[in-house]
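The values are calculated or read from the model by the stated rules, or taken from the named source; none is laboratory data. What you are looking at is a predicted structure, and each value in this text was computed from that prediction instead of being measured. Cβ atoms come from the backbone with ideal geometry, glycine included; neighbour counts cover every protein chain shown.
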Amino acid sequence: PGQIQRILAHSYHLKRTAQPWLAPVQSKSGNQAKLKLRMPSQSLFSKTVALLFSKRSTRTRVSAETAASLLGGQALFLGKEDIQIGVNETVRDSARVIGGLCEGIFARVGDHSEIEELARYSPVPVLNALSSLWHPTQVLADLLTLQEHAHLFDPAAPPPPNADDLTSQRYRRLVDVRPLTVAYLGDSANVLHDMLVTYPRLGHQLRVASPENAKYRAPKEVWDRVVQLGCDKNIHWTADPRDAVKGADLVVTDTWISMGQEAEKAQRLKDFEGYQVTEKLCREGGANPDWKFMHCLPRKQDEVDDEVFYGPRSLAFPVSDNRKWTIMAMFDLLFGKWSLLERTKEA
Ligand code: CP
Ligand code: NVA
């Protein structure tokens, strides 16, 4: 939990310091005479991060490219049609070659084993940009958004800053959000899996609804990790979406058809019937009347209707804005500062 909080605090710090406007500074005479350009850490100066993406992406890719540029470095997008990996060259050789030419690898893969293999053979750090099992940078943005919106769950918490306030002392620190009851309705996929291993460690209760079928429940390697971290005690799993939203402060969902599962579309739409997040379902299930909504996007109407998705409960777009700052924090810590440390060690 300490490490997660540190990454969130660093993301918030970068968000505040990387604003592209000039902040007024007090001069000795008390006038706001000087203007200071706020600059984030330039830890990627002269460095390149390889974006090794074998699946589509909007948020993760755009966040990564803009974050690398704000840190003074460059992101190199390598789609699966662009390079030799998996066609003319093994993952092992590609990892060694790309890692020898770049300072970090941010990889979106199919099967999770591919990212494990990249990490095994890469001489530089590898960060997961989504795999079949996990989506860690997504959940960091979810958590940052919850902390920024702590006031929505607790009237005593300070409201979030508006753009002009971002530089003020008052918002120097990110506040904690109170322990929440969080409901997730839908498929047991990468985003939920990262929720399972983080939310309980931060004091939140999870209530998950997915159909009984084993393919819609957490796979063994995920559940083993959940148990190993002691998170299982704070997770209630049911097949009834109304049961899942009972007392929920936050309702979360994801697509029912993840990338690569398109052939199962008809079956999945049938199996998830009744799981769509709506006002009616949450009212009938007894959610907290002030419940809020989150979605990683891209979104389909199947899993959440327009009233909720575009309504005042929705935090979906603040989350997508925060993808940039959490990815930037990971790039700074993992690729920027890591290679600096390595070089200092060599010296
Ligand atoms: N949420 C998310 O990862 O979106 P993209 O697939 O567009 O990157
Ligand atoms: N579960 C979805 C998440 C997309 C960001 C997928 O893997 O396609």
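For region 190-207, state whether one or more residues are within 19 Å of the chain's Cα centre (by Cα) and part of a strand (DSSP E or B). Looking for residues that are within 19 Å of the chain's Cα centre (by Cα) and part of a strand (DSSP E or B), one finds at least one in region 190-207, hence yes. Checked across region 279-297, the condition of being within 16 Å of ligand 2 (Cβ to nearest atom), touching a Leu at 6+ places or on another chain (Cβ under 7 Å) and part of a loop (DSSP other than H, G, I, E, B) holds for no residue.
Just one of the numbered conditions (1) in contact with a Ser or Thr (Cβ under 6 Å, 6 or more places away or on another chain); (2) within 13 Å of ligand 2 (Cβ to nearest atom) is not true of V304: (2). I'd like to check something: does region 249-258 contain any residue that is part of a strand (DSSP E or B), assigned by TED's automatic domain parsing to the domain that holds M195 and surrounded by fewer than 21 Cβ atoms within 10 Å (Cβ to Cβ)? Checked against the condition, which is being part of a strand (DSSP E or B), assigned by TED's automatic domain parsing to the domain that holds M195 and surrounded by fewer than 21 Cβ atoms within 10 Å (Cβ to Cβ), region 249-258 yields no hits at all.
Among residues belonging to region 171-189 that are outside any loop (DSSP other than H, G, I, E, B) and at pLDDT 95 or above, point out the one that is nearest to ligand 2 (Cβ to nearest atom). Among them, the one singled out is Y184. When region 259-278 is filtered for residues that are free of Cβ contacts under 8 Å to residues at least 60 places away in the same chain and in a helix (DSSP H, G or I), the ones remaining, listed by number, are E262, A263, E264, K265, A266, Q267, L269, K270. Within region 186-198, the presence of a residue that is of a type outside the set (A, V, I, L, M) and surrounded by fewer than 18 Cβ atoms within 10 Å (Cβ to Cβ) is excluded. Per the listing P312, P298, the residue uniquely more than 16 Å from ligand 1 (Cβ to nearest atom) and exposed (fewer than 14 other Cβ atoms within 10 Å of the Cβ) is P312. Looking across D82, D154, D111, one residue alone is closer than 25 Å to L206 by Cβ and acidic (D, E). It is D154.
Please go through region 214-230 and give me each residue that is surrounded by 11 or more Cβ atoms within 10 Å (Cβ to Cβ) and in a loop (DSSP other than H, G, I, E, B), ordered by number. Within region 214-230, R217, A218, P219, L229 meet the criteria. For region 63-116, a residue qualifies if it is closer than 21 Å to N322 by Cβ and hydroxyl-bearing (S, T, Y), and the qualifying residues are S63, T66, S69.
Of the residues screened, V227 is not one that is in contact with a Phe, Trp or Tyr (Cβ under 8 Å, 6 or more places away or on another chain) and over 13 Å from N190 (Cα atoms). Within region 97-131, which residues are assigned to a loop (DSSP other than H, G, I, E, B), crowded, with 20+ Cβ neighbours inside 10 Å and within 16 Å of ligand 2 (Cβ to nearest atom)? Listed by number, the residues that qualify are V109, A129, L130, S131.
Checking V139, V197 one by one, the residue that is hydrophobic (A, V, I, L, M, F, W, C), outside the structural domain of G247 (by TED's automatic domain parsing) and at pLDDT 95 or above is V139 and no other.
Here A239, A218, A248 are screened, and the one residue that is closer than 24 Å to R313 by Cα and of a type in the set (A, V, I, L, M, F, W, C) is A248.
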